[in-house]
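The values are calculated or read from the model by the stated rules, or taken from the named source; none is laboratory data. Small disclaimer: the values here were computed from a predicted structure and weren't measured. Neighbour counts are summed over all protein chains in view; Cβ atoms, including those assigned to glycine, are modelled from backbone coordinates with ideal geometry. Heavy atoms of the whole protein, side chains included, go into the accessibility calculation; ligands, DNA and RNA do not. Shrake-Rupley method; radii C 1.70, N 1.55, O 1.52, S 1.80 Å.
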Amino acid sequence: MEKELKEISQDIRKEIALCKDIDDFWLLHKKYLSKEGRLSILFQSLKKLSTDKRASLGSEANRIKKELTDLIKTKEIKVDQSSNLDDYFDPTLPGKKPAIGHIHPLTKSINRAKMIFEGMGFSTIEGPELEDEWHNFDALNFPKDHPAREMQDTLFIKQKNREKLLEKERLVMRTHTSPVQIRYMLTHKPPFRIIVPGRVFRNEATDASHEVNFYQIEGLMIDKDISVANFKAIMENFWQSFYGKKVKIRLRPSFFPFTEPSFEVDMSCTSCKGRGCSVCSKTGWLEVMGAGMVHPNVLKNSGVDPKKWQGFAFGMGWDRIVMMKYSIDDVRLFYGGDLRFLKQF
Ligand code: PHE
């Protein structure tokens with residue numbers, strides 16, 4: 001029996017050296033240490049020996065069993081780590097945080113504007129960026145062949161025999177969000193209370209305050225007796241919620257073919273509270289939008305009876321408003337896709 005113990009011990013050592021992977025060690029375990037393994041069988045036969053012999057041989061057998069078990073374990077761990085190093089996965093390591101995207105500052109502020117206007121009963125409407133000349137100009141009371149069409153630095157779309165096409169077939173990139181007023185009025189019944197945020201396009205050289213595309217938020221409110229006073233109240237309310245400060249507005253006479261009377265709207269400068277600073281060129285006021293009472297011809301072109309209905313429209317250049325809110329000095333930053341800029345919002 002002593003001889004057999006020695007043999008088993010030698011055999012295991014030999015076989016360990018031949019083990020190449022975890023499966024080999026598993027077989028080794030099975031062959032020697034499992035219930036039917038050689039060592040276990042040897043332990044069974046110890047029981048048949050006399051007490052003396054069993055004590056001395058038993059402790060020797062136990063010692064060898066422990067030694068071999070430990071040996072197998074350490075070798076096994078080594079093989080396991082080296083053979084699987086490439087796809088070794090440690091589930092206790094902390095995970096990698098995925099980079100989370102940011103909502104663009106323009107989108108974020110438009111969402112905020114929507115919320116404020118929706119709180120005053122306005123619905124948010126969208127329209128196509130590729131527009132036809134009829135909706136972009138004619139329906140809005142731009143006279144035919146009037147320089148105003150060029151005045152807006154229109155990007156006309158190349159089309160075959162363009163001059164022979166009808167206004168509704170000639171395509172342009174919309175120069176403002178006002179055509180959506182027409183689209184909405186033609187398909188809905190008054191009263192109206194809508195805002196239209198969206199991208200508009202102008203054929204301009206870019207610089208710190210000009211881009212070929214930028215955002216506008218259009219507004220339209222039509223009912224039986226809407227006046228300029230309602231416009232002023234709604235706008236003051238809006239600015240106050242948007243900037244979180246009391247804001248005054250003032251109207252200056254202006255011209256748009258689609259409103260009469262028309263005005264440019266100035267807002268008291270939020271940076272200096274009207275005292276005069278670099279943001280407002282020391283005037284205390286900032287020009288923020290065009291507006292006016294909707295021209296009767298525009299209502300007519302949209303199937304709305306101007307004898308029964310009246311109201312105001314406005315169009316804000318949104319980029320400038322957001323620039324002012326966050327003290328951004330170059331409009332091109334909005335469209336450059338530079339993460340160093342975008343991550344700040
Ligand atoms: N559409 C005009 C522009 O782009 C702004 C405007 C809208 C003015 C509605 C009056 C009424 O300049």
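Using the 4.7 Å Cβ rule, please list in number order the cysteines from the chain without any candidate partner.
So, C19.
Classify the stretch 137-234 as rounded, prolate or oblate from the Cα gyration tensor: take a ≥ b ≥ c as the square roots of its eigenvalues, call it rounded if a/c is under 1.5, otherwise prolate when a/b beats b/c and oblate if not.
Taking the square roots of the gyration eigenvalues as a ≥ b ≥ c, the stretch 137-234 is oblate.
Across the stretch 10-27, in residue order, what do the Karplus-derived ³J(HN,Hα) couplings come to in whole Hz, using 6.51 cos²θ - 1.76 cosθ + 1.60 with θ = phi - 60° and x for Gly and Pro?
Those phi angles translate into 5, 4, 4, 4, 5, 6, 4, 4, 8, 5, 10, 9, 4, 4, 4, 5, 4, 5 Hz.
Could you sort W134, W239 by their accessible area in this structure, using a 1.4 Å probe and putting the largest first?
W134, W239
Evaluate the relative contact order of the stretch 2-87 (contact order divided by residue number), counting alpha-carbon pairs under 8 angstrom at least 6 apart; express in whole percent.
It comes to 34 percent, rounded to a whole number.
Say R0 is 30 Å: what FRET efficiency, to the nearest 0.05, do Y326 and A229 get from their beta-carbon distance?
Rounded to the nearest 0.05, the efficiency is 0.40.
Can you list the residues, at least 5 places off or on another chain, whose amide H is less than 5 Å from the amide H of I157, using H built in the peptide plane?
L171, V172, M173
Would you please give the residues with an amide H less than 5 Å from that of M289, counting only those at least 5 places away or on a separate chain, with H modeled from the backbone geometry?
V265
Considering only Cα-Cα distances, which of the following residue pairs are longer than 28 Å: K108/K248; K164/K189; K3/K30; K114/K246; K160/K189?
K164/K189; K160/K189
Can you give the FRET efficiency for Q344 and I22, using 1/(1 + (r/R0)^6), R0 = 45 Å, r = Cβ-Cβ distance, to the nearest 0.05?
0.30
Taking θ as phi - 60°, what are the ³J(HN,Hα) couplings along the stretch 54-59 by the Karplus curve (6.51, -1.76, 1.60), each to the nearest whole Hz, with x for Gly and Pro?
Once rounded to whole Hz, the list reads 4, 5, 5, 5, x, 5.
Work out how much length T124 to K248 would gain on full extension: take 0.36 nm times their residue separation and subtract the Cα-Cα distance, in nm to one decimal.
Computed gain between T124 and K248 is 42.1 nm.
Compute the relative contact order of the chain as a whole-number percentage, counting only Cα pairs closer than 8 Å that sit 6 or more residues apart in sequence.
The normalised contact order for the chain reaches 14 percent.
Pull out a ≥ b ≥ c, the square roots of the eigenvalues of the alpha-carbon gyration tensor of the stretch 2-87, then state rounded if a/c is under 1.5, prolate if not and a/b is larger than b/c, and oblate in the remaining case.
It comes out prolate by the Cα gyration axes.
Taking θ = phi - 60°, what integer Hz values does the Karplus form 6.51 cos²θ - 1.76 cosθ + 1.60 yield along the stretch 239-252, in sequence order, with x for Gly and Pro?
Karplus-based 3J(HN,Hα) across the stretch 239-252 equals 4, 4, 5, 5, 8, x, 9, 6, 10, 9, 10, 9, 10, 10 Hz.
Normalising by the residue count of the stretch 82-188, find the relative contact order in percent from Cα pairs under 8 Å and 6+ residues apart.
30
Which residues does a label at D52 reach in the stretch 1-16, if reach means a backbone N under 18 Å from a point 7 Å past the Cα toward the Cβ?
Of the residues in the stretch 1-16, 1-2 have backbone N under 18 Å from the label point off D52.
How large is the helix-only mean residue ellipticity at 222 nm for the chain, computed as the sum of -39500 (n - 2.57) over DSSP H runs with n ≥ 4, divided by its residue count, in deg cm²/dmol to the nearest 500?
-12000 deg cm²/dmol
Sequence-distant or interchain residues sharing an amide H contact under 5 Å with G276, placed H: which?
It is G284, by chain and number.
If R₀ is 22 angstrom, what is the calculated FRET efficiency for the pair L71 and T92, using the beta carbon separation as r and rounding to 0.05?
Computed FRET efficiency for L71 and T92: 0.20.
Enumerate the whole-percent occupancy of each 10 Å bin, from 0 to the last occupied one, for all C-alpha pair distances of the chain.
Values per bin, smallest distances first: 5, 18, 21, 12, 5, 3, 4, 7, 9, 9, 5, 2, 0.
Could you give the length gained by full extension between D145 and Q44, i.e. 0.36 nm per residue of separation minus their alpha carbon distance, to one decimal place?
25.3 nm
At a Cα cut-off below 16 Å, give the aspartates and glutamates reachable from K6, other chains included and same-chain residues fewer than 8 away excluded.
Cα-Cα hits under 16 Å: E15, E60, E67.
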